[in-house]
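Please treat every number below as a calculation from the coordinates, not as lab data. Keep in mind that this is a model prediction, so the values were computed, not measured. Note: ideal-geometry Cβ built from the backbone for every residue, glycine included; neighbour counts use all protein chains shown.
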Amino acid sequence: MALFGNKNRNTENDYSEALAKLQSVSEEFTFGTLNDEEAVRMELMAEADEEGLFNALKDGLSKTRDNIARGIDDLFSGHSSIDDDFYEELEELLIMGDVGVNATESIIDELKKRVKEEHIKEPIECRKILIDSIRRQMDVGENEYSFENERTVMIVIGVNGVGKTTSIGKLAWKYRARGKKVMIAAADTFRAAAGDQLLEWAKRADVPMIGGKEGADPSSVVFDAVNSFKAKNGDILLIDTAGRLHNKKNLMEELKKMNRIIDRELSGIHRENFIVLDGTTGQNALVQAREFNETADLTGIILTKMDGTAKGGIAIAVQSELKVPVKYIGVGEKIQDLQKFDAEKFVSAIFDADTEENYE
């Protein structure tokens, strides 16, 4: 484990001096390698048994299940016919469950179409169609995780309090458990103690972290991290950034500066831009995602604090509204509790539907 700080240097000035410094910095650490016992232990933790992971997800979404699925089941069993009142009540239930207006309209439209085409008369027969429709809307697809097997730089954004620091630490652990050479860049230099908090997670994941003094230019941290990462031939670089929605112009300029550095120093490397959202905030999470997406080209969403929230429908809303896939979901406090998002498992956990798919 290593922590390196920069010295309040302007990122793109004194280029030769910076490179000389980085040559010495790069000699100060090596990516940790796992012995056989550690590799087996981490692999077992990272790929816990299917039933245990599904139960954790199901337990975490119990309030969402009560908020959405129970009401829908009561609606289906309480109506004797599929009429306008039935559709209106279903629409209200979905919107109240934080599924979102766009997703709800799409689900209702598909349901009406299937009911007409298949000559369905009984409301209870609509349950499977509804579940299938939600599942299709949520499906991410395996190609969305191809970056895990490429050299990747991932910029992670999100407002304070959403679980951004925790998520970065968990991702670092997850990738390292798979044998990847992972580094963290603590570029959120404007929030007091942000670097210290991230360092604790870096220690837990046993990965190197490069940070700067509080108030330092965030791009200078990225510059140091990118060059150390390049010198040591790392696999995945996770960059923590400040989530300053109140000043979009500053955030946009900051991200542009970081991107210029990455493009120059690591030309052609795979790029991901993730936003971390607090699942308990419901529609506020959608608003945050929409506003950040205007500034950053988002490629993935991490939903945190999903264990115990009644607003789990927000996972459906953000993906339908923004066309940005939910890629990870947090269902607990343990380091292995940030899991790949699986539409099959998610929908099954909400609607008590059986599934045999693997959840990684």
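A few notes on this one:
- Measure of compaction for region 182-333 (Cα Rg per 2.2 N^0.38 Å): 1.06
- Summed residue charge, Cβ within 9 Å of Lys164's Cβ, Lys/Arg positive, Asp/Glu negative: -2
- Whole-Å distance, taken between Cα centres, linking region 144-208 and region 214-235: 13
- Value of Rg to Rh for region 60-118, rounded to two decimals, is 0.98; Kirkwood radius and Rg both from alpha-carbon coordinates.
- The residue among Met258, Gly312, Ile275 whose Cα reaches farthest toward the positive pole of the charge dipole of region 222-317, with charges on the beta-carbon of Lys, Arg, Asp and Glu, is Met258.
- One decimal place: the segment Arg70-Asn149 gains 24.4 nm when fully extended, by the rule 0.36 nm per residue minus the C-alpha distance.
- Alpha-carbon centroid distance for the pair region 73-110 / region 286-348, whole angstrom: 22
- Full-stretch length increase - His270, Lys230 - with 0.36 nm per residue and alpha-carbon distance subtracted: 13.1 nm
- As a rough guide to protection, the peptides 324-330, 116-122 ranked by mean Cβ packing within 10 Å, highest first, stand as 324-330, 116-122.
- Subtracting the Cα-Cα distance of Asp297 and Glu91 from their residue separation scaled by 0.36 nm leaves 71.1 nm.
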